[in-house]
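See structure below.
The values are calculated or read from the model by the stated rules, or taken from the named source; none is laboratory data. For clarity, every value in this text was computed on a predicted model and none was experimentally measured. In this analysis, Cβ positions are derived from the backbone assuming ideal geometry, glycine residues included, and neighbour counts consider all displayed protein chains.
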């Protein structure tokens, strides 16, 4: 007879690909809704508090950037957990690419630090064009 421990059940459960998406209207509440959705979802998937906290910060930065700079009617947040990796994607309708490699180095600059934070927390960050705009994404090991 094979016995299964709680930890092995948890590992098995986390191996199943999981995904969620959240459409967000272009309102000042969008980053808050995205943070709350991310926290609730990732805790429900059994991820550690440290991973959840880092993911919430990444989501906050990406959604805020889309809100401030893309200025499209809606933004889409997607979370995908598969094979020990969490993919965080934010879609917007702006075709303007985002340079995820260049931080702001200007003294007194009020903006530009968020992508540096994301690069520190994620092991990969990128921007991909889509048929309707672009997707900015971050990949985290979990």
Query raised in the report: Is there a residue being surrounded by 16 or more Cβ atoms within 10 Å (Cβ to Cβ), part of a loop (DSSP other than H, G, I, E, B) and either in contact with a helix residue (DSSP H, G or I) (Cβ under 6 Å, 6 or more places away or on another chain) or modelled with pLDDT of 95 or more (or both) anywhere in the range 58-70?
Result: no
Report task. Just need a number here: residues in the range 31-60 that are closer than 17 Å to residue 118 by Cβ and either free of Cβ contacts under 8 Å to residues at least 12 places away in the same chain or touching a strand residue (DSSP E or B) at 6+ places or on another chain (Cβ under 9 Å) (or both). Result -> 11
**Report entry** Odd one out for residue 98 among (1) surrounded by 14 or more Cβ atoms within 10 Å (Cβ to Cβ); (2) modelled with pLDDT of 85 or more; (3) within 14 Å of residue 62 (Cβ to Cβ)
**Finding:** (2)
Query raised in the report: Within the range 111-131, is even one residue touching a strand residue (DSSP E or B) at 6+ places or on another chain (Cβ under 7 Å), modelled with pLDDT under 95, surrounded by 15 or more Cβ atoms within 10 Å (Cβ to Cβ) and farther than 22 Å from residue 38 by Cα?
Result: no
